[in-house]
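Have a look at the structure below before the remarks.
Just so you know, all these numbers are worked out from the coordinates, no wet-lab data involved. What you see is a predicted model, and the numbers here were worked out from it, not measured in a lab. FYI the Cβ positions are ideal-geometry reconstructions off the backbone, even for glycines, and counts take in every protein chain you see.
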Amino acid sequence: MKTSRQCLECIRKDVLAAGTWLLPRDKYGMLEARVNRVLEKADRNKIPSYYITKVHRCLKSLSPKMGKLMEQRRQANQMVKKMLARFGRGSLEEKLRWAVWANFLDFRTAGVGYRYDNFKALARRLDRRLHVDERDRIIDAVRGAKKILYVLDNVGEIGFDRLLISAIRAKRKIICAVRGGVMTSDVTREDARYFGLTRSLKVIKSGPDTLGLLREELSGAIRKALLDCDLVIAKGQANYYFFSTYRTLTKAPVVHLFTTKCDLVARQFGRKGKIGIAVLRGRWFHTHNSS
């Protein structure tokens, strides 16, 4: 998915909202100026997460109060761990649905920068039906796979991913991909360790502090995993941007599990609003820019 003018305006509002929370007042104007320079020169052929990464790196360069963000990330993980006691015994179909709705925990979904505390709303969503539901096809693909690359997305959400991974890992090699540095609410190795994934699975870095996966900054480890796997499970809208655009980086079918953040993406599935999606896309999947 290419970056539209609407995407750029959304990206700008998001990072500036984060800046009001994390920056001293005397640095906010500097952030605004830097963000405007980045977005004014935007190449619309890039995916939106390329520019989300760039502007949030502008924020990080201004010495924000990262302790506030780190505490928010810790609280998200802690809140979900408390919730999980009620969800451990669900069916595979249920765990797929929970993994989709858990993507609602993306801090940026809330529209107030990095802040997010609406866990009660998440609990109400977990039993809702999905708007685009290909779980039967996904389960067949999982059963036929021997090597799965699971691209994780957000803190908190990763707890529900752990439930799904536990349900599908028997007789399969599963590699989990995390980010190499803190970027909004994206998961790092520390979050994978908190939920016990590093004890039993191979966890690799997809790159540095990127929002989702970026072709320009992919690590050697994930490039290899993309070539070696026979199924990819990609969480989140940013990873939908990536795999729907750079489809030839893997020959494996891609499972997308996410909630949409905007109508631009929802309309690609014939819908509007913030909807729940579980789809399987094979080699026939429409591409924008192959790499």
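Of all helices (runs of 4 or more DSSP H) completely enclosed by the stretch 129-222, which ones contain at least 2 residues that are without any contact (Cβ under 8 Å) to a residue 24 or more places away in the chain?
Working: elements: 135-143, 157-168, 189-194, 197-200.
So the answer is 135-143, 189-194, 197-200.
Having 2 or more residues that are in contact with a strand residue (DSSP E or B) (Cβ under 8 Å, 6 or more places away or on another chain) is the bar; report the helices (runs of 4 or more DSSP H) wholly within the stretch 41-108 that clear it. Working first, answer last.
On the way: elements: 48-61, 66-84, 92-101.
It comes to 92-101.
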Any residue in the stretch 257-278 that is of a type in the set (D, E, K, R) sitting within a Cβ distance under 7 Å of a residue that is in a strand (DSSP E or B)? List the pairs, counting only those 6 or more apart or interchain. Lys274/Thr259
With respect to the numbered conditions (1) under 16 Å from the mean Cα position of the chain (by Cα); (2) under 21 Å from Met66 (Cα atoms), which one is the sole condition not fulfilled by Tyr194? (1)
How many residues are buried (at least 17 other Cβ atoms within 10 Å of the Cβ) and of a type in the set (D, E, K, R) when one looks only at the stretch 256-273? 1
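Out of all the residues in the stretch 15-23, is one or more loosely packed, with under 15 Cβ neighbours inside 10 Å and either assigned to a helix (DSSP H, G or I) or touching a residue at least 12 places away in the same chain (Cβ under 8 Å) (or both)?
Taking the stretch 15-23 as the starting set, the residues that turn out to be loosely packed, with under 15 Cβ neighbours inside 10 Å are 20.
Retained after the next criterion (residues that are either assigned to a helix (DSSP H, G or I) or touching a residue at least 12 places away in the same chain (Cβ under 8 Å) (or both)): 20.
Among the residues of the stretch 15-23, at least one is loosely packed, with under 15 Cβ neighbours inside 10 Å and either assigned to a helix (DSSP H, G or I) or touching a residue at least 12 places away in the same chain (Cβ under 8 Å) (or both), which makes the answer yes.
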